[in-house]
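Report on the structure given below.
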Amino acid sequence: MSPELCQLLAYWHDLGGADALPERSQLDLRRLTTILPWMFILEMGADGSLRYRLAGSSLEEGVGCGMAGKTYADIFSDHEQASVMEELYATSLVQGSGLVRTGSFSLEQDETFDLEVLALPFSDTRAMAGTVLVGVVRPFDMLNQEFSDHWGRFQHDLTTLMVVPSPRVLSREQLSDRVNAMLELIGVELRALDVPKVLALYRSGANKLPGQEIPSFDLDRLSGQQGHTLN
């Protein structure tokens with residue numbers, strides 16, 4: 001994964017995320033200032049919608065609008081894959097499990113960027129479902145100093161999708177028929193992120209090697225182990 005995603009993963013892991021959900025009150029954004037422009041916080045509303053409570057300045061510049069206070073659907077759910085991704089995030093939030101997704105995306109027809117997004121659960125008793133997702137997006141070189149609104153032009157293609165055991169595990173059985181059908185249609189297998197291996201590569205600097213696949217394993221290894229951790 002990109003160093004930005006690894007930095008958030010390492011921070012969350014150091015807070016004990018592999019064994020129990022860290023409290024949102026433990027989240028100190030001053031420790032994450034270098035990636036803050038690319039971070040976001042998603043919270044579930046009373047109507048079940050996902051709402052951005054925080055969105056970094058670089059994300060808002062890329063999209064061309066303020067994201068804080070808006071729902072995920074307001075910004076992204078104008079095509080099928082984005083709608084499915086919203087449902088995946090909602091299920092992940094309710095289950096208290098993290099997600100990593102990779103692929104590509106475009107905000108303009110003639111410009112495509114690599115996409116990597118990590119979303120990790122933090123416990124918050126004030127929020128619906130008692131959990132929020134704190135995430136970061138791999139930086140992309142999208143200059144939009146005029147703050148041109150790209151609403152309705154966001155398209156993305158999903159390549160990989162991985163659960164982050166947190167310590168709860170999102171399983172295929174917890175996904176709707178619609179989501180499972182879409183993943184099968186586009187040929188994406190839900191796998192589990194190998195957190196210790198990812199962090200070991202990150203701390204050794206080996207994660208920067210080009211063309212290296214993100215370490216993961218078959219989700220069946222975690223089947224029936226709701227409290228399972230990888231440590």
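The values are calculated or read from the model by the stated rules, or taken from the named source; none is laboratory data. Since we're looking at a predicted model, the values are computed, not measured. Glycine also receives a Cβ, built like all others from the backbone with ideal geometry; neighbour counts cover every protein chain displayed. When the accessible area is computed, the model is the full protein with side chains, heavy atoms only, and any ligands, DNA or RNA have been set aside. Shrake-Rupley method; radii C 1.70, N 1.55, O 1.52, S 1.80 Å.
Can you find a residue in segment 59-68 that is under 16 Å from the mean Cα position of the chain (by Cα) and either closer than 19 Å to L158 by Cβ or basic (K, R) (or both)?
The answer is yes; a qualifying residue exists.
Take Q26 and decide whether it is surrounded by fewer than 21 Cβ atoms within 10 Å (Cβ to Cβ), under 16 Å from the mean Cα position of the chain (by Cα), polar (S, T, N, Q) and farther than 30 Å from N180 by Cβ.
No, not satisfied.
Yes/no matrix, rows are residues, columns are (1) of a type outside the set (V, I, T); (2) under 30 Å from R203 (Cα atoms); (3) in contact (Cβ under 8 Å) with a residue 60 or more places away in the chain; (4) touching a Cys at 6+ places or on another chain (Cβ under 6 Å):
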{"site": "C6", "(1), (2), (3), (4)": "yes, yes, yes, no"}
{"site": "I35", "(1), (2), (3), (4)": "no, yes, yes, no"}
{"site": "W38", "(1), (2), (3), (4)": "yes, yes, yes, no"}
{"site": "E43", "(1), (2), (3), (4)": "yes, no, yes, no"}
{"site": "A90", "(1), (2), (3), (4)": "yes, no, no, no"}
{"site": "V100", "(1), (2), (3), (4)": "no, yes, yes, no"}
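Being closer than 25 Å to I41 by Cβ, open to solvent by 10 Å² or more (accessible area, probe 1.4 Å) and modelled with pLDDT of 85 or more, is that true of even one residue in segment 175-183?
Yes, segment 175-183 has at least one match.
Looking for something open to solvent by 60 Å² or more (accessible area, probe 1.4 Å) and modelled with pLDDT of 90 or more - is there at least one such residue anywhere in segment 106-121?
No, segment 106-121 has no match at all.
For segment 29-38, state whether one or more residues are within 13 Å of the chain's Cα centre (by Cα) and at pLDDT 90 or above.
yes
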